[in-house]
1. Out of the residues in region 96-114 meeting the condition of being open to solvent by 10 Å² or more (accessible area, probe 1.4 Å) and closer than 25 Å to Pro161 by Cα, tell me which one is nearest to the ligand (Cβ to nearest atom).
2. Cβ-Cβ under 8 Å, sequence separation 6+ or interchain: first residue in region 427-453 and among the basic types (Lys, Arg), partner assigned to a helix (DSSP H, G or I). Which pairs?
3. What is the residue count in region 168-222 for residues that are assigned to a loop (DSSP other than H, G, I, E, B) and acidic (Asp, Glu)?
4. Consider Val197 against the criteria (1) touching a Phe, Trp or Tyr at 6+ places or on another chain (Cβ under 9 Å); (2) open to solvent by 60 Å² or more (accessible area, probe 1.4 Å): it satisfies all of them except one. Which criterion is unmet?
5. List pairs: first residue in region 259-275 and open to solvent by 60 Å² or more (accessible area, probe 1.4 Å), second residue part of a loop (DSSP other than H, G, I, E, B) anywhere in the structure, Cβ distance under 6 angstrom, at least six positions apart or on different chains.
6. Specify which of the listed residues (Asn177, Asn112) is under 30 Å from Val362 (Cα atoms) and at pLDDT 95 or above.
7. Taking Met13, is it modelled with pLDDT of 95 or more, farther than 30 Å from Asn159 by Cα, within 16 Å of the ligand (Cβ to nearest atom) and under 27 Å from the mean Cα position of the chain (by Cα)?
8. Only one of (1) within 13 Å of the ligand (Cβ to nearest atom); (2) of a type in the set (Phe, Trp, Tyr); (3) surrounded by fewer than 19 Cβ atoms within 10 Å (Cβ to Cβ) fails for Tyr28. Which number is that?
Amino acid sequence: MNGSPKGNQSVTMQYILYIKKKHPEHEYNIVNVAQTIKKIENDEKRFGDIINQIQESDGVIWGFPLYVMLVCSQYKRFIELISERNAEAVFENKYTIVISTSIHFYDHTAQNYMQSICDDLKMKYVGNFPADSWDLLWPKRRARWLSFVEEFINHIENNFPTSKHYAPLNKRAFNYNPGKIIDESKKIDTHGKKILVLSDETKEGTNLGNMLKRFRDSFSTEIEILNINDVDIKGGCISCLQCGYDHKCSYIGKDGFIEFWENIVMTSDILIFAGVIKDRYLSSRWKMALDRAFYMTHTPTLIGKQMGYIISGPLSQIPNLTEMFQGHIELQGSNLVDIITDEFGTSEEIDALLHDFARRLVTFSKADYIKPLTFLGEGGRKIFRDDIYGRNRFVFMADHEYYEKHGFYDTFPQNDERAKKLNEKLIPLIKIDKVRNKMNMKQEFLRPFLKVLEDPNK
Ligand SMILES: Cc1cc2nc3c(=O)[nH]c(=O)nc-3n(C[C@H](O)[C@H](O)[C@H](O)COP(=O)(O)O)c2cc1C
(Lines give C-alpha, C1' and ligand atoms only; values in the text may rest on other atoms or scores of the structure.)
Protein backbone atom coordinates (compact mmCIF):
# COMPACT_ATOMS: atom_id res chain seq x y z
CA MET A 1 0.00 0.00 0.00
CA ASN A 2 2.01 2.94 -1.32
CA GLY A 3 1.38 6.04 0.78
CA SER A 4 3.50 8.40 -1.29
CA PRO A 5 1.78 10.98 -3.48
CA LYS A 6 4.73 10.51 -5.86
CA GLY A 7 3.48 7.04 -6.85
CA ASN A 8 6.16 5.00 -8.60
CA GLN A 9 8.71 7.77 -8.13
CA SER A 10 8.54 7.29 -4.38
CA VAL A 11 11.75 6.77 -2.41
CA THR A 12 9.86 4.48 -0.03
CA MET A 13 8.86 2.18 -2.87
CA GLN A 14 12.53 1.61 -3.72
CA TYR A 15 12.67 -0.36 -0.46
CA ILE A 16 9.89 -2.61 -1.74
CA LEU A 17 11.55 -3.01 -5.16
CA TYR A 18 14.75 -4.02 -3.35
CA ILE A 19 12.90 -6.81 -1.53
CA LYS A 20 11.34 -7.88 -4.81
CA LYS A 21 14.83 -8.31 -6.27
CA LYS A 22 16.03 -10.23 -3.22
CA HIS A 23 12.98 -12.48 -3.02
CA PRO A 24 11.63 -12.90 -6.52
CA GLU A 25 9.85 -16.11 -5.49
CA HIS A 26 7.00 -14.01 -4.02
CA GLU A 27 4.38 -11.98 -5.85
CA TYR A 28 4.25 -8.25 -5.14
CA ASN A 29 1.41 -5.88 -5.98
CA ILE A 30 2.05 -2.19 -5.36
CA VAL A 31 -1.09 -0.07 -5.08
CA ASN A 32 -0.50 3.68 -5.46
CA VAL A 33 -3.05 4.61 -2.84
CA ALA A 34 -1.99 8.19 -2.04
CA GLN A 35 -1.32 9.25 -5.62
CA THR A 36 -4.67 8.01 -6.91
CA ILE A 37 -6.85 8.82 -3.91
CA LYS A 38 -9.29 10.97 -5.90
CA LYS A 39 -10.01 8.08 -8.26
CA ILE A 40 -10.29 5.65 -5.33
CA GLU A 41 -12.68 8.00 -3.57
CA ASN A 42 -14.88 8.73 -6.58
CA ASP A 43 -14.87 5.32 -8.18
CA GLU A 44 -16.28 2.66 -5.86
CA LYS A 45 -15.16 -0.06 -8.26
CA ARG A 46 -11.53 1.03 -7.95
CA PHE A 47 -11.85 0.97 -4.18
CA GLY A 48 -13.45 -2.48 -4.41
CA ASP A 49 -10.60 -3.76 -6.61
CA ILE A 50 -8.05 -2.70 -3.99
CA ILE A 51 -10.06 -4.38 -1.26
CA ASN A 52 -10.16 -7.57 -3.34
CA GLN A 53 -6.38 -7.44 -3.77
CA ILE A 54 -5.99 -7.18 -0.02
CA GLN A 55 -8.39 -10.07 0.45
CA GLU A 56 -6.28 -12.27 -1.83
CA SER A 57 -2.94 -11.30 -0.30
CA ASP A 58 -1.02 -13.19 2.39
CA GLY A 59 0.38 -10.02 3.87
CA VAL A 60 0.04 -6.25 3.64
CA ILE A 61 2.93 -3.77 3.71
CA TRP A 62 1.98 -0.23 4.59
CA GLY A 63 4.76 1.91 3.08
CA PHE A 64 4.70 5.66 3.31
CA PRO A 65 6.76 8.84 3.58
CA LEU A 66 6.39 10.92 6.74
CA TYR A 67 4.20 13.95 6.12
CA VAL A 68 3.99 16.46 8.98
CA MET A 69 4.30 13.95 11.83
CA LEU A 70 1.93 11.44 10.22
CA VAL A 71 0.98 9.90 6.89
CA CYS A 72 -0.07 12.30 4.12
CA SER A 73 -3.69 13.42 3.90
CA GLN A 74 -4.34 11.24 0.85
CA TYR A 75 -3.31 8.08 2.71
CA LYS A 76 -5.28 9.19 5.77
CA ARG A 77 -8.32 9.56 3.52
CA PHE A 78 -7.89 5.99 2.33
CA ILE A 79 -7.81 4.79 5.94
CA GLU A 80 -11.05 6.72 6.56
CA LEU A 81 -12.65 5.10 3.50
CA ILE A 82 -12.00 1.63 4.92
CA SER A 83 -14.43 2.24 7.77
CA GLU A 84 -16.78 4.54 5.83
CA ARG A 85 -17.27 1.76 3.29
CA ASN A 86 -17.37 -1.05 5.86
CA ALA A 87 -14.35 -2.81 4.42
CA GLU A 88 -12.62 -3.58 7.74
CA ALA A 89 -13.27 -7.32 7.57
CA VAL A 90 -10.71 -8.00 4.82
CA PHE A 91 -7.92 -6.65 7.01
CA GLU A 92 -8.76 -8.87 9.96
CA ASN A 93 -6.02 -11.40 10.76
CA LYS A 94 -3.94 -10.26 7.80
CA TYR A 95 -0.21 -10.19 8.59
CA THR A 96 1.20 -6.70 8.23
CA ILE A 97 4.32 -4.55 8.61
CA VAL A 98 4.80 -0.79 8.32
CA ILE A 99 7.75 0.97 6.69
CA SER A 100 8.17 4.73 6.75
CA THR A 101 10.93 6.81 5.20
CA SER A 102 11.79 10.21 6.61
CA ILE A 103 14.46 12.30 8.28
CA HIS A 104 13.22 10.86 11.62
CA PHE A 105 11.28 13.98 12.50
CA TYR A 106 8.29 12.58 14.41
CA ASP A 107 8.46 9.28 12.59
CA HIS A 108 7.52 7.67 15.91
CA THR A 109 4.14 9.45 15.98
CA ALA A 110 3.37 8.33 12.42
CA GLN A 111 4.42 4.80 13.25
CA ASN A 112 2.37 4.81 16.46
CA TYR A 113 -0.61 5.99 14.45
CA MET A 114 -0.26 3.22 11.86
CA GLN A 115 0.23 0.58 14.53
CA SER A 116 -2.95 1.67 16.26
CA ILE A 117 -4.81 1.61 12.92
CA CYS A 118 -3.55 -1.94 12.31
CA ASP A 119 -4.74 -2.94 15.78
CA ASP A 120 -8.11 -1.28 15.16
CA LEU A 121 -8.38 -3.27 11.92
CA LYS A 122 -7.49 -6.42 13.92
CA MET A 123 -4.51 -7.10 11.67
CA LYS A 124 -1.56 -9.28 12.73
CA TYR A 125 1.02 -6.56 13.18
CA VAL A 126 4.55 -7.97 13.01
CA GLY A 127 6.44 -4.69 13.45
CA ASN A 128 7.59 -1.45 11.91
CA PHE A 129 10.69 -0.21 10.15
CA PRO A 130 11.20 3.54 10.58
CA ALA A 131 13.88 4.04 7.90
CA ASP A 132 15.83 7.15 7.18
CA SER A 133 15.13 8.11 3.55
CA TRP A 134 18.69 7.23 2.59
CA ASP A 135 19.08 3.94 4.50
CA LEU A 136 18.86 1.84 1.36
CA LEU A 137 22.08 3.40 0.09
CA TRP A 138 24.15 1.70 2.81
CA PRO A 139 24.86 -2.05 2.66
CA LYS A 140 24.52 -2.63 6.42
CA ARG A 141 21.26 -0.73 6.59
CA ARG A 142 19.90 -2.56 3.53
CA ALA A 143 20.75 -5.84 5.25
CA ARG A 144 18.80 -4.70 8.32
CA TRP A 145 15.72 -4.03 6.18
CA LEU A 146 16.05 -7.40 4.49
CA SER A 147 16.23 -9.21 7.84
CA PHE A 148 13.14 -7.41 9.00
CA VAL A 149 11.13 -8.38 5.92
CA GLU A 150 12.37 -11.97 6.07
CA GLU A 151 11.02 -12.17 9.59
CA PHE A 152 7.69 -10.86 8.27
CA ILE A 153 7.61 -13.65 5.66
CA ASN A 154 8.60 -16.12 8.35
CA HIS A 155 5.61 -15.00 10.39
CA ILE A 156 3.23 -15.50 7.49
CA GLU A 157 4.62 -18.92 6.57
CA ASN A 158 4.56 -20.24 10.12
CA ASN A 159 1.48 -18.49 11.36
CA PHE A 160 3.43 -17.04 14.32
CA PRO A 161 1.49 -15.04 16.91
CA THR A 162 1.62 -11.22 17.05
CA SER A 163 1.14 -8.85 19.98
CA LYS A 164 -1.48 -6.09 20.28
CA HIS A 165 -0.75 -2.67 21.77
CA TYR A 166 -3.85 -0.56 21.43
CA ALA A 167 -7.24 -1.13 23.03
CA PRO A 168 -10.23 0.02 20.98
CA LEU A 169 -11.25 3.62 21.59
CA ASN A 170 -14.11 4.19 23.96
CA LYS A 171 -16.26 7.18 23.04
CA ARG A 172 -18.45 8.51 25.80
CA ALA A 173 -22.12 8.99 24.95
CA PHE A 174 -22.59 12.58 25.99
CA ASN A 175 -24.45 15.58 24.64
CA TYR A 176 -22.88 18.88 25.47
CA ASN A 177 -25.57 21.47 26.14
CA PRO A 178 -24.17 24.93 26.83
CA GLY A 179 -25.71 26.80 29.76
CA LYS A 180 -27.49 30.13 29.79
CA ILE A 181 -26.16 33.19 28.05
CA ILE A 182 -23.09 34.70 29.69
CA ASP A 183 -23.67 37.98 31.48
CA GLU A 184 -22.17 40.89 29.46
CA SER A 185 -20.14 42.03 32.47
CA LYS A 186 -18.42 38.61 32.69
CA LYS A 187 -17.41 38.48 29.04
CA ILE A 188 -13.71 38.55 28.16
CA ASP A 189 -12.32 41.72 26.63
CA THR A 190 -10.20 40.76 23.59
CA HIS A 191 -8.01 43.88 24.04
CA GLY A 192 -7.86 44.24 20.27
CA LYS A 193 -6.35 40.79 19.79
CA LYS A 194 -7.34 39.03 16.58
CA ILE A 195 -8.85 35.68 17.51
CA LEU A 196 -9.36 32.95 14.94
CA VAL A 197 -10.86 29.49 15.29
CA LEU A 198 -10.35 26.95 12.51
CA SER A 199 -12.56 23.90 12.63
CA ASP A 200 -13.71 21.04 10.44
CA GLU A 201 -17.10 21.06 12.22
CA THR A 202 -19.08 24.21 12.96
CA LYS A 203 -22.67 22.97 12.87
CA GLU A 204 -24.67 23.98 15.91
CA GLY A 205 -26.24 20.99 17.60
CA THR A 206 -23.04 18.95 17.42
CA ASN A 207 -20.85 18.88 20.54
CA LEU A 208 -18.03 20.68 18.76
CA GLY A 209 -20.32 23.25 17.12
CA ASN A 210 -21.86 23.99 20.51
CA MET A 211 -18.45 24.26 22.17
CA LEU A 212 -17.29 26.73 19.55
CA LYS A 213 -20.42 28.82 19.99
CA ARG A 214 -19.95 28.86 23.73
CA PHE A 215 -16.28 29.80 23.29
CA ARG A 216 -17.25 32.65 20.94
CA ASP A 217 -19.88 33.90 23.39
CA SER A 218 -17.22 34.15 26.08
CA PHE A 219 -15.79 37.25 24.41
CA SER A 220 -17.23 40.74 24.50
CA THR A 221 -16.47 41.27 20.81
CA GLU A 222 -16.93 39.08 17.77
CA ILE A 223 -14.23 36.51 16.98
CA GLU A 224 -13.80 34.64 13.70
CA ILE A 225 -14.76 30.98 13.34
CA LEU A 226 -13.85 29.47 10.01
CA ASN A 227 -14.73 26.03 8.67
CA ILE A 228 -11.74 24.56 6.83
CA ASN A 229 -14.14 22.73 4.51
CA ASP A 230 -15.08 26.18 3.13
CA VAL A 231 -11.47 27.05 2.29
CA ASP A 232 -10.62 26.65 -1.39
CA ILE A 233 -8.11 23.75 -1.16
CA LYS A 234 -7.94 21.81 -4.41
CA GLY A 235 -5.87 18.92 -3.12
CA GLY A 236 -3.18 17.62 -0.82
CA CYS A 237 0.55 18.28 -1.03
CA ILE A 238 1.99 16.34 -3.99
CA SER A 239 5.62 16.63 -2.90
CA CYS A 240 6.85 18.40 -6.03
CA LEU A 241 9.19 20.27 -3.63
CA GLN A 242 9.12 23.37 -5.79
CA CYS A 243 8.70 25.23 -2.48
CA GLY A 244 12.15 24.08 -1.33
CA TYR A 245 13.90 26.74 -3.38
CA ASP A 246 11.79 29.82 -2.63
CA HIS A 247 8.79 28.82 -0.47
CA LYS A 248 6.50 29.17 -3.50
CA CYS A 249 3.88 26.43 -3.75
CA SER A 250 3.04 24.91 -7.14
CA TYR A 251 -0.66 25.37 -6.28
CA ILE A 252 -0.27 29.18 -6.45
CA GLY A 253 -2.97 30.54 -8.76
CA LYS A 254 -4.77 27.20 -8.67
CA ASP A 255 -6.53 27.47 -5.31
CA GLY A 256 -6.96 29.78 -2.33
CA PHE A 257 -4.88 28.00 0.30
CA ILE A 258 -1.88 30.32 0.36
CA GLU A 259 -4.05 33.47 0.64
CA PHE A 260 -6.01 31.78 3.42
CA TRP A 261 -2.88 30.80 5.32
CA GLU A 262 -1.03 34.09 4.90
CA ASN A 263 -3.89 36.61 5.11
CA ILE A 264 -6.16 34.93 7.65
CA VAL A 265 -4.22 32.38 9.71
CA MET A 266 -0.84 34.07 9.97
CA THR A 267 -2.33 37.47 10.87
CA SER A 268 -4.13 36.15 13.97
CA ASP A 269 -2.83 36.72 17.52
CA ILE A 270 -4.78 33.87 19.07
CA LEU A 271 -5.32 30.75 17.04
CA ILE A 272 -7.50 27.78 17.95
CA PHE A 273 -7.58 24.54 16.01
CA ALA A 274 -10.80 22.61 16.54
CA GLY A 275 -11.85 19.23 15.26
CA VAL A 276 -13.59 15.93 15.76
CA ILE A 277 -11.42 12.86 16.35
CA LYS A 278 -11.52 10.63 13.28
CA ASP A 279 -9.89 7.24 13.81
CA ARG A 280 -6.70 8.09 15.78
CA TYR A 281 -6.20 11.64 14.47
CA LEU A 282 -8.32 14.53 13.24
CA SER A 283 -9.99 14.41 9.80
CA SER A 284 -8.04 14.00 6.57
CA ARG A 285 -9.30 17.49 5.68
CA TRP A 286 -7.38 18.86 8.66
CA LYS A 287 -4.36 16.86 7.57
CA MET A 288 -4.64 18.28 4.08
CA ALA A 289 -4.50 21.83 5.45
CA LEU A 290 -1.47 21.03 7.63
CA ASP A 291 0.35 19.28 4.76
CA ARG A 292 -0.31 22.20 2.45
CA ALA A 293 1.14 24.60 5.04
CA PHE A 294 4.41 22.74 4.40
CA TYR A 295 5.02 25.11 1.43
CA MET A 296 7.03 27.07 4.05
CA THR A 297 8.88 23.79 4.55
CA HIS A 298 10.94 23.86 7.80
CA THR A 299 10.35 27.48 8.79
CA PRO A 300 7.75 28.54 11.36
CA THR A 301 4.73 30.57 10.19
CA LEU A 302 2.83 30.88 13.48
CA ILE A 303 5.51 32.46 15.68
CA GLY A 304 4.45 34.09 18.93
CA LYS A 305 0.78 33.14 18.81
CA GLN A 306 -1.30 31.88 21.69
CA MET A 307 -2.70 28.58 20.54
CA GLY A 308 -4.92 25.80 21.73
CA TYR A 309 -7.29 23.07 20.71
CA ILE A 310 -10.99 22.43 21.15
CA ILE A 311 -11.66 18.77 20.46
CA SER A 312 -14.65 16.48 20.37
CA GLY A 313 -13.77 12.84 20.95
CA PRO A 314 -11.59 10.51 23.02
CA LEU A 315 -8.34 12.51 22.90
CA SER A 316 -7.11 11.31 26.30
CA GLN A 317 -6.98 7.77 24.89
CA ILE A 318 -4.68 8.96 22.08
CA PRO A 319 -1.61 10.49 23.82
CA ASN A 320 0.18 10.16 20.47
CA LEU A 321 -2.13 12.85 19.06
CA THR A 322 -1.64 15.18 22.03
CA GLU A 323 2.09 14.83 21.48
CA MET A 324 1.68 15.91 17.85
CA PHE A 325 -0.44 18.89 18.92
CA GLN A 326 2.17 20.01 21.42
CA GLY A 327 5.13 19.29 19.16
CA HIS A 328 3.61 21.23 16.28
CA ILE A 329 2.97 24.29 18.41
CA GLU A 330 6.43 24.19 19.99
CA LEU A 331 8.06 23.93 16.58
CA GLN A 332 6.09 26.98 15.49
CA GLY A 333 7.43 29.04 18.40
CA SER A 334 3.92 29.61 19.68
CA ASN A 335 2.37 28.84 23.05
CA LEU A 336 0.06 25.92 23.77
CA VAL A 337 -2.41 27.30 26.31
CA ASP A 338 -4.70 24.30 26.70
CA ILE A 339 -6.74 21.60 25.02
CA ILE A 340 -10.43 21.53 25.90
CA THR A 341 -12.47 18.43 25.06
CA ASP A 342 -15.96 17.06 25.60
CA GLU A 343 -14.54 13.94 27.22
CA PHE A 344 -14.85 14.83 30.88
CA GLY A 345 -17.24 16.64 33.18
CA THR A 346 -20.72 18.05 32.88
CA SER A 347 -21.88 20.68 30.40
CA GLU A 348 -21.54 23.33 33.14
CA GLU A 349 -17.95 22.29 33.79
CA ILE A 350 -17.13 22.46 30.08
CA ASP A 351 -18.77 25.93 29.96
CA ALA A 352 -16.46 27.07 32.75
CA LEU A 353 -13.39 25.56 31.06
CA LEU A 354 -14.15 27.26 27.75
CA HIS A 355 -14.68 30.58 29.47
CA ASP A 356 -11.43 30.36 31.38
CA PHE A 357 -9.64 29.18 28.24
CA ALA A 358 -10.74 32.45 26.60
CA ARG A 359 -9.46 34.43 29.58
CA ARG A 360 -6.07 32.71 29.62
CA LEU A 361 -5.56 33.10 25.88
CA VAL A 362 -6.01 36.87 26.10
CA THR A 363 -3.98 37.18 29.31
CA PHE A 364 -1.02 35.30 27.82
CA SER A 365 -1.32 37.19 24.55
CA LYS A 366 -1.12 40.52 26.39
CA ALA A 367 1.93 39.29 28.32
CA ASP A 368 3.57 37.81 25.19
CA TYR A 369 4.09 34.66 27.21
CA ILE A 370 5.68 31.68 25.46
CA LYS A 371 6.55 28.75 27.69
CA PRO A 372 9.90 26.98 27.35
CA LEU A 373 10.23 24.19 24.82
CA THR A 374 10.20 20.58 25.88
CA PHE A 375 12.09 17.81 24.14
CA LEU A 376 9.34 17.86 21.47
CA GLY A 377 10.32 21.32 20.25
CA GLU A 378 14.02 21.25 21.14
CA GLY A 379 14.66 17.87 19.54
CA GLY A 380 12.59 18.66 16.46
CA ARG A 381 14.40 21.95 15.83
CA LYS A 382 17.75 20.25 16.07
CA ILE A 383 16.80 17.63 13.50
CA PHE A 384 15.64 20.36 11.11
CA ARG A 385 18.71 22.51 11.73
CA ASP A 386 21.16 19.70 11.07
CA ASP A 387 19.35 18.45 7.99
CA ILE A 388 19.00 21.90 6.40
CA TYR A 389 22.58 22.80 7.20
CA GLY A 390 23.76 19.47 5.87
CA ARG A 391 22.49 16.96 3.36
CA ASN A 392 19.23 18.64 2.39
CA ARG A 393 20.48 22.21 1.98
CA PHE A 394 20.39 22.07 -1.82
CA VAL A 395 16.72 21.00 -1.72
CA PHE A 396 15.64 23.55 0.88
CA MET A 397 17.60 26.66 -0.07
CA ALA A 398 14.84 28.95 1.22
CA ASP A 399 15.05 27.34 4.68
CA HIS A 400 18.82 27.65 4.69
CA GLU A 401 18.60 31.37 4.00
CA TYR A 402 15.95 31.77 6.69
CA TYR A 403 17.98 29.78 9.23
CA GLU A 404 21.07 31.89 8.53
CA LYS A 405 19.15 35.14 8.81
CA HIS A 406 17.28 34.19 11.98
CA GLY A 407 20.20 32.76 13.94
CA PHE A 408 19.08 29.13 13.81
CA TYR A 409 22.67 28.05 13.19
CA ASP A 410 23.88 30.00 16.23
CA THR A 411 22.49 27.11 18.27
CA PHE A 412 25.23 24.77 17.04
CA PRO A 413 27.27 24.04 20.21
CA GLN A 414 30.51 24.89 18.38
CA ASN A 415 29.12 28.43 17.99
CA ASP A 416 28.33 28.83 21.69
CA GLU A 417 30.96 31.37 22.79
CA ARG A 418 30.07 31.14 26.48
CA ALA A 419 30.44 27.35 26.49
CA LYS A 420 33.68 27.58 24.54
CA LYS A 421 35.25 30.00 27.06
CA LEU A 422 34.01 27.95 29.98
CA ASN A 423 35.49 24.75 28.55
CA GLU A 424 38.79 26.43 27.70
CA LYS A 425 39.09 27.60 31.28
CA LEU A 426 37.72 24.65 33.21
CA ILE A 427 38.83 21.56 31.30
CA PRO A 428 42.59 22.05 32.01
CA LEU A 429 41.73 22.69 35.67
CA ILE A 430 39.48 19.67 36.07
CA LYS A 431 42.26 17.45 34.76
CA ILE A 432 44.41 18.38 37.77
CA ASP A 433 43.61 15.88 40.52
CA LYS A 434 44.21 18.34 43.37
CA VAL A 435 41.90 20.98 41.90
CA ARG A 436 39.22 18.47 40.95
CA ASN A 437 39.20 16.87 44.39
CA LYS A 438 38.82 20.25 46.07
CA MET A 439 36.13 21.49 43.72
CA ASN A 440 32.57 21.45 45.04
CA MET A 441 30.53 20.82 41.90
CA LYS A 442 27.24 21.67 43.58
CA GLN A 443 28.57 25.06 44.59
CA GLU A 444 30.09 25.65 41.16
CA PHE A 445 26.74 24.98 39.52
CA LEU A 446 25.06 27.50 41.79
CA ARG A 447 27.63 30.30 41.37
CA PRO A 448 25.92 32.04 38.37
CA PHE A 449 22.48 31.72 40.03
CA LEU A 450 23.69 33.49 43.17
CA LYS A 451 24.36 36.59 41.09
CA VAL A 452 20.76 36.65 39.80
CA LEU A 453 19.31 36.16 43.26
CA GLU A 454 21.53 38.86 44.82
CA ASP A 455 19.66 41.45 42.82
CA PRO A 456 16.51 40.02 41.20
CA ASN A 457 15.59 43.44 39.79
CA LYS A 458 18.64 43.61 37.59
C1 LIG B 1 4.80 17.70 2.80
C2 LIG B 1 5.95 16.94 3.37
C3 LIG B 1 6.01 16.73 4.74
C4 LIG B 1 7.06 16.02 5.30
N5 LIG B 1 7.05 15.83 6.65
C6 LIG B 1 8.05 15.11 7.23
C7 LIG B 1 8.05 14.88 8.63
O8 LIG B 1 7.14 15.29 9.37
N9 LIG B 1 9.08 14.19 9.16
C10 LIG B 1 10.13 13.72 8.40
O11 LIG B 1 11.05 13.14 8.96
N12 LIG B 1 10.13 13.90 7.05
C13 LIG B 1 9.12 14.57 6.45
N14 LIG B 1 9.11 14.75 5.08
C15 LIG B 1 10.17 14.09 4.26
C16 LIG B 1 9.69 12.78 3.58
O17 LIG B 1 9.02 11.96 4.47
C18 LIG B 1 10.87 11.99 3.01
O19 LIG B 1 11.55 12.77 2.09
C20 LIG B 1 10.43 10.66 2.39
O21 LIG B 1 11.54 9.81 2.27
C22 LIG B 1 9.84 10.81 0.99
O23 LIG B 1 9.42 9.54 0.54
P24 LIG B 1 8.68 9.29 -0.83
O25 LIG B 1 9.65 9.61 -1.95
O26 LIG B 1 8.32 7.84 -0.78
O27 LIG B 1 7.48 10.16 -0.92
C28 LIG B 1 8.10 15.49 4.48
C29 LIG B 1 8.06 15.70 3.09
C30 LIG B 1 6.99 16.41 2.55
C31 LIG B 1 6.94 16.63 1.06
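The values are calculated or read from the model by the stated rules, or taken from the named source; none is laboratory data. Values in this document were obtained by computation on a predicted structure and should not be read as measured data. All Cβ positions, even for glycine, are placed from backbone atoms using ideal geometry, and neighbour counts span all protein chains on display. The protein model used for the area step is the full one, side chains on, heavy atoms only, and it has no ligands, DNA or RNA in it. Shrake-Rupley method; radii C 1.70, N 1.55, O 1.52, S 1.80 Å.
1. Once the filter is applied, the top-ranked residue is His108.
2. Arg436/Leu429; Arg436/Ile430
3. Qualifying residue count for the region: 5.
4. Looking at each condition in turn, Val197 falls short on (2).
5. Close Cβ pairs satisfying both conditions: Met266/Thr301.
6. Asn177
7. On the way: modelled with pLDDT of 95 or more: yes; farther than 30 Å from Asn159 by Cα: no; within 16 Å of the ligand (Cβ to nearest atom): yes; under 27 Å from the mean Cα position of the chain (by Cα): yes.
Spelling it out, it is not the case that Met13 is modelled with pLDDT of 95 or more, farther than 30 Å from Asn159 by Cα, within 16 Å of the ligand (Cβ to nearest atom) and under 27 Å from the mean Cα position of the chain (by Cα).
8. (1)
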